[in-house]
1. Do the conditions hold for Glu177, that is, is it touching a Lys or Arg at 6+ places or on another chain (Cβ under 8 Å) and open to solvent by 70 Å² or more (accessible area, probe 1.4 Å)?
2. Hey, does the stretch 135-150 have a residue that's within 16 Å of the ligand (Cβ to nearest atom) and either in the same structural domain as Thr184 (by TED's automatic domain parsing) or open to solvent by 20 Å² or more (accessible area, probe 1.4 Å) (or both)?
3. Residue pairs, Cβ under 6 Å, 6 or more apart or interchain, first in the stretch 110-127 and within 20 Å of Phe157 (Cβ to Cβ), second surrounded by fewer than 18 Cβ atoms within 10 Å (Cβ to Cβ) and hydroxyl-bearing (Ser, Thr, Tyr). List them.
4. With the condition kept exactly as written, say whether any residue in the stretch 87-98 is of a type in the set (D, E, K, R), closer than 24 Å to Pro190 by Cβ and buried (at least 18 other Cβ atoms within 10 Å of the Cβ).
5. What's the number of the condition Val34 fails, among (1) within 30 Å of Glu177 (Cβ to Cβ); (2) within 13 Å of the ligand (Cβ to nearest atom); (3) β-branched (Val, Ile, Thr)?
6. What are the pairs, 6+ residues apart or on separate chains, where a residue within the stretch 191-204 that is free of Cβ contacts under 8 Å to residues at least 40 places away in the same chain has its Cβ under 6 Å from a residue that is part of a helix (DSSP H, G or I) and not basic (Lys, Arg)?
7. Could you please let me know if Ser215 is within 13 Å of the ligand (Cβ to nearest atom), under 22 Å from Ser20 (Cβ atoms), open to solvent by less than 20 Å² (accessible area, probe 1.4 Å) and not aliphatic (A, V, I, L, M)?
8. Would you check if there is a residue in the stretch 96-107 being assigned by TED's automatic domain parsing to the domain that holds Ala191, without any contact (Cβ under 8 Å) to a residue 60 or more places away in the chain and in contact with a Pro (Cβ under 7 Å, 6 or more places away or on another chain)?
Amino acid sequence: MREFIERLRNARSVVVLTGSGISAESGLPTFRGVGGLWRTHRVEELASPAGFARDPELVWTWYNERNAAHRRAQPNAGHHALVALETRVPDFTLATQNVDSLHLRAGTRSLLELHGSLRVARCTRCDHERALDEHGLPPSEIEHACGGLMRPDIVWFGEPLPQATWRRAVEATERAEVILVVGTSAVVYPAAALATRYARDAFVAEINPEATAISERVGCVLRGSAAETLPRIVAELDGAADTLRV
Ligand code: BV8
């Protein structure tokens, strides 16, 4: 832990990669939590072009429920600690896999939403976009006038990440001296590669109450929750915290 704090204190370039675990303490279920199921459906099936083509209404029911939960949720101390960290690091980038907009609402400025967000629906045919409010998209509006279907503006399994966003994430990672991985099981690619393949000679630390697919490969594992651990890291940076347990 001490080495991590020292490296973070002296780092010019820092990348933080977050997953759904950072929003757990905002009351949002993690992506594979509850056995990776929503009702009787596997989340990987619903979050795919084939799942949407098979039953667009079912997929919108799932996303409308998640979208409403996102709007009810508040950013937690972990999201706010990353906003504080951003003010202390000259070259800071937060790459999130989450589509819940909580980093944006917390005030993170240098944010890359690798998998998009639920703020917008987009037509599969003409790319017409419309903003989504807390009610999401009613079934009657799934069919667009052009004959296409309105879909959530997010990245599904089997779809490429937005090129420019991904490129910026890789470039930030390749120049980073410290990479902090928070609240992800690190099984989804290419996002997880930011903490391994693209991490070059960065010092990688992980915050997670459980072991993940990359725990054996990182320089420092902080077994704990995001909402507890991140504020203590910022306090330690400011020289205020007592020594952090490993
Ligand atoms: C693509 C949006 C190619 C939708 C999501 C190798 C290389 C490239 C691709 C692949 C590859 N191997 C496999 C693939 C295919 C696939 C993939 O990775 N599959 C996995 C399942 C094996 N990848 C893709 O399909 C990607 N596309 O590669 O395209 C291509 C290229 C060119 C042309 C055509 C195609 C697209 C992947 C994006 C999918 N969309 N989200 C939606 O949200 O509905 S991914 C989804 O998973 C979410 O974004 C989620 O954030 C993300 C990662 O999951 P986690 O966040 O980690 O959630 P999980 O529940 O797993 O873990 C939560 C963690 O939090 C746990 O560790 C837990 O312990 C921890 N935790 C709990 N409480 C707390 C906590 N941590 C801290 N504090 C707490 N309190």
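1. Details: touching a Lys or Arg at 6+ places or on another chain (Cβ under 8 Å): yes; open to solvent by 70 Å² or more (accessible area, probe 1.4 Å): yes.
So Glu177 fits the description; yes.
2. No, because not a single residue in the stretch 135-150 is within 16 Å of the ligand (Cβ to nearest atom) and either in the same structural domain as Thr184 (by TED's automatic domain parsing) or open to solvent by 20 Å² or more (accessible area, probe 1.4 Å) (or both).
3. Leu112/Thr165
4. Pass one, the stretch 87-98, residues of a type in the set (D, E, K, R): 88, 91.
Cutting the leftovers down to closer than 24 Å to Pro190 by Cβ gives us 91.
Still in the list and also buried (at least 18 other Cβ atoms within 10 Å of the Cβ): none.
No, that holds for no residue.
5. Only one criterion in (1) within 30 Å of Glu177 (Cβ to Cβ); (2) within 13 Å of the ligand (Cβ to nearest atom); (3) β-branched (Val, Ile, Thr) is unmet by Val34, namely (1).
6. Tyr198/Val170; Tyr198/Thr173; Tyr198/Glu174; Arg200/Glu174; Val204/Ala195
7. On the way: within 13 Å of the ligand (Cβ to nearest atom): yes; under 22 Å from Ser20 (Cβ atoms): yes; open to solvent by less than 20 Å² (accessible area, probe 1.4 Å): yes; not aliphatic (A, V, I, L, M): yes.
Judged against the criteria, Ser215 is a match.
8. yes
The values are calculated or read from the model by the stated rules, or taken from the named source; none is laboratory data. For clarity, every value in this text was computed on a predicted model and none was experimentally measured. Here Cβ is always computed from backbone atoms with ideal geometry, including for glycine, and neighbour counts include all displayed protein chains. These accessible areas exclude ligands, DNA and RNA; they are computed on the full protein's heavy atoms, side chains included. Shrake-Rupley method; radii C 1.70, N 1.55, O 1.52, S 1.80 Å.
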